[in-house]
Amino acid sequence: MADDLGIGDIGCYGNGTIRTPNIDRLAKDGVMLTQHISAASVCTPSRAAFLTGRYPIRSGMVSSNDYRVLMWTGVSGGIPTNETTFAKVLKNEGYATGLIGKWHLGLNCDHSGDHCHHPLNHGFDHFYGMPFSMMGDCLQWELSEKRLALEGQLRSYIQIAALVALTLTVGKLTRLKGIPWTLVILATAAALLLFVASHFMGVLIVHADCFLMRNHTVTEQPMRFQRTTSLLLKEARGFIQRNKHRPFLLFVAFLHTHVPLVTAKNFRGKSLHGLYGDNVEEMDWMVGHILNTLDKEGLSNSTLVYFTSDHGGSLESQLGDNQYGGWNGIYKGSKGMGGWEGGIRVPGIFRWPGVLPAGRVSDEPTSLMDVFPTVIQLGGGQVPQDRVIDGRDLLPLLQGAAQRSGHEFLLHYCQGFLHAARWHPRTGGRLWKVHYMSPIFQPEGAGACYGRAVCPCSGENVAEHDPPLLFDLSRDPSEAHPLTPDTEPLFSQVLERVKLAVQEHRESLTPVVPQLDSLNVWRPWLQPCCGSFPFCWCNWKDDRP
């Protein structure tokens, strides 16, 4: 799974200038899905849905504020312990289960070592990588996704301390009894100290989040990025070699292609698309090494390989004339947009020689959530019956035994707000897309919300459509021409049928604790640190490649 990769960045999906021969080889030897959809357009909720086969709103991996992903490791939010991942099911079936790379689904609940949300608590028996996520702050990148949020939180602490100091001072000056000058001085000093330390602490905290962990142990904090790629690649090859004589599930969650686009020297300046293109080509090289390891160990014919991205590329990752985010091809919108195709349509490639036909292409609507029931059933497990599973088994479609996917409807959320829904009628060939809400692009006429990390999900910069916008994706995949009652005779009928499906979906939801609201506030006692916070510093030499 790539991070923030645009579907238009890969050769087999139409890119003729970025070199991705290894990913293209997967598509040539396997099945390529052209309408593969993520359940969210940002990292945390999309990955939660991928692992559980459920819309993020069912597990509480949504929010009603601007914190759309887990913003720090020192928060108590994360994938709930009562959720079942495909790793947990396959581990119970005797599989060795490993996660290498990015997690970004939480770590602790009550203290810095309880690891309630840790991958090892969700079915993986081996973990090596980033419990958090690559962020621009890790290298003091100008495109910071969380520094402003952290500074805003610290600013609120400063305001509270200043208000307390002011109240005590006024009380003392008006001769209110019981308020000693010592208390006034301490409160004032606390406000001043927080003000002076806010920037310093912000830098320390964001760098403290950029660390590597092996199972439950922090091994490198902060990360030495010049060797991160080789460490992760070495770990992936080692996991395959150690488990080649038993069934295994390996989830390689690349740190590529998220800013700050950490790229080895031998790839820098080699592509035609600047640092972003260099980063994509390095990731493809990593894919090639993993495939070569399978070949060398004689495992290729007995291994299902799947390649995807967690969501679309980020058009807002731009500084001046330099674009540091992905390209989403012909599709409108980008990362962070709940409904437009550019934020949710992702690569979907499956290879299994001798089991899946080589060179097959399917245009059927499919979802990242479909991996959950597919791998569970292939591994001999049982899909949970005690909860709603939104994913559908892909194997019949991949093998060509079925011509239609298991999805008649797919819903597209932005946080807890339903932005859009698609309908592929069982009896017809047309594919409808209904938009209830969509961001207002800034500047007007642009395809993104420049000047922000991502477009908002609600509020004054989001348009609510009444009547909803209607598109026929089978004829207009770029969503350039909204239909009207005058141009589409089925306009009202389609809207009514999709409305009914949405109502049925909402009736299936049960209240859960939102993990990305109040549980997503930084708490110092939850911050992982291999030293004495805030001076977190360690480097295990035995982790060198």
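The values are calculated or read from the model by the stated rules, or taken from the named source; none is laboratory data. Source: prediction; values computed, not measured. Reconstructed Cβ throughout: ideal geometry from the backbone, glycine too, with neighbour counts over all protein chains shown.
Details
- When Gly77, Gly60 are checked against the criterion of being out of contact with any His (no Cβ under 7 Å at 6 or more places or on another chain), farther than 17 Å from Gly338 by Cα and small (Gly, Ala, Ser), a single residue qualifies: Gly77.
- Sole residue being in a loop (DSSP other than H, G, I, E, B), surrounded by fewer than 23 Cβ atoms within 10 Å (Cβ to Cβ) and basic (Lys, Arg), chosen from Arg68, Arg58, Arg19: Arg19
- Taking the stretch 409-457 as the range and being over 23 Å from the mean Cα position of the chain (by Cα), surrounded by 15 or more Cβ atoms within 10 Å (Cβ to Cβ) and under 24 Å from Phe350 (Cβ atoms) as the test, the residues that pass are His424, Leu431.
- Residue match in the stretch 340-347 (condition: closer than 21 Å to Arg430 by Cα, part of a helix (DSSP H, G or I) and of a type in the set (A, V, I, L, M)): yes
- Test: residue in the stretch 489-509 that is surrounded by 15 or more Cβ atoms within 10 Å (Cβ to Cβ) and touching a Ser or Thr at 6+ places or on another chain (Cβ under 6 Å): no
- Residue within the stretch 265-279 that is hydrophobic (A, V, I, L, M, F, W, C), part of a loop (DSSP other than H, G, I, E, B), at pLDDT 95 or above and in contact with a helix residue (DSSP H, G or I) (Cβ under 7 Å, 6 or more places away or on another chain) present: yes
- The condition of being surrounded by fewer than 24 Cβ atoms within 10 Å (Cβ to Cβ), in contact with a Phe, Trp or Tyr (Cβ under 6 Å, 6 or more places away or on another chain) and in the same structural domain as Phe267 (by TED's automatic domain parsing) holds for only one of Gly98, Gly74, that being Gly74.
- For Thr374: the one exception among (1) closer than 27 Å to Ala27 by Cα; (2) of a type in the set (Ser, Thr, Tyr); (3) assigned to a loop (DSSP other than H, G, I, E, B): (3)
- Complete set of residues in the stretch 450-489 that are farther than 24 Å from Asp363 by Cβ and touching a Gly at 6+ places or on another chain (Cβ under 8 Å): Ala453, Val454, Cys455, Cys457
- Counting the residues of the stretch 292-323 that are among the β-branched types (Val, Ile, Thr) and part of a helix (DSSP H, G or I) gives 1.
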